[in-house]
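Below: one structure, written as structure tokens.
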Amino acid sequence: GAVVSQHPSWVICKSGTSVKIECRSLDFQATTMFWYRQFPKQSLMLMATSNEGSKATYEQGVEKDKFLINHASLTLSTLTVTSAHPEDSSFYICSAYRQGNQPQHFGDGTRLSIL
Amino acid sequence: AQTVTQSQPEMSVQEAETVTLSCTYDTSESDYYLFWYKQPPSRQMILVIRQEAYKQQNATENRFSVNFQKAAKSFSLKISDSQLGDAAMYFCAYTRADYTDKLIFGTGTRLQVFP
């Protein structure tokens, strides 16, 4: 079964609103979580690396004030898209590193549509 | 900086036949991991196979196998006995020899399987 849960799976909202996406590791503690963005027919691009208890590390070109990341516990990281606009519409997907020499586990992604 | 290149935007194969997807990468690291991920229309990221760079033996998972050429920095995926369910986007990915590090993805190859 899924070991990383991402919620919501699909959200539609008006321009100017803020949207929060949650990424939970279900049965393990994730010290590091990653947030990716994927435009249609394109690859996954890393937005930021989220470490529990510290500030996220953003990739070059990603607006940290637009995309707020919080990793307050070992099982939950959140991505908040603030004052969302149509150009923020995309597919957002998180992943979590599970200790024990195992690759990252991905959530099922969130389809964000801004009207 | 590390890069991953997939030069085949689209590939097609007849059911039950074999197809090979290409991937090259660039890195100055001597130890690292390489992956092939499958992304069906549901957009879930499914790990198909992984290769540890220090292992000379090519990884195999049922119908999926890789041809890892470390000196040439090449990492191709061979799918044998192709099935309709294999149709998807396939992404090659790289990470340093630490699963806590980010994944760097190629641009993807869309595989079509014809009956």
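The values are calculated or read from the model by the stated rules, or taken from the named source; none is laboratory data. This structure is a prediction, so every number in the text was calculated from the model and none was measured. As a convention, Cβ positions derive from the backbone with ideal geometry for all residues, glycine included, and neighbour counts pool all protein chains shown. We work out accessible area using only protein heavy atoms, side chains counted, and drop any ligands, DNA or RNA first. Shrake-Rupley method; radii C 1.70, N 1.55, O 1.52, S 1.80 Å.
Details
- Taken together, B:A88, B:A97, B:A72 contain a single residue that is among the aliphatic types (A, V, I, L, M) and buried (at least 16 other Cβ atoms within 10 Å of the Cβ), which is B:A88.
- Going through (1) open to solvent by 20 Å² or more (accessible area, probe 1.4 Å); (2) under 20 Å from B:S7 (Cα atoms); (3) more than 9 Å from chain A (Cβ to nearest Cβ); (4) of a type in the set (S, T, Y) one by one, B:T60 falls short only on (2).
- Residue in the stretch B:105-112 that is open to solvent by less than 10 Å² (accessible area, probe 1.4 Å) and more than 8 Å from chain A (Cβ to nearest Cβ) present: yes
- For first residues located in the stretch A:18-35 and closer than 12 Å to A:L79 by Cβ, partners that are of a type in the set (F, W, Y) and open to solvent by less than 10 Å² (accessible area, probe 1.4 Å) and lie 6+ apart or on another chain with Cβ distances below 6 Å form the pairs A:I21/A:Y92.
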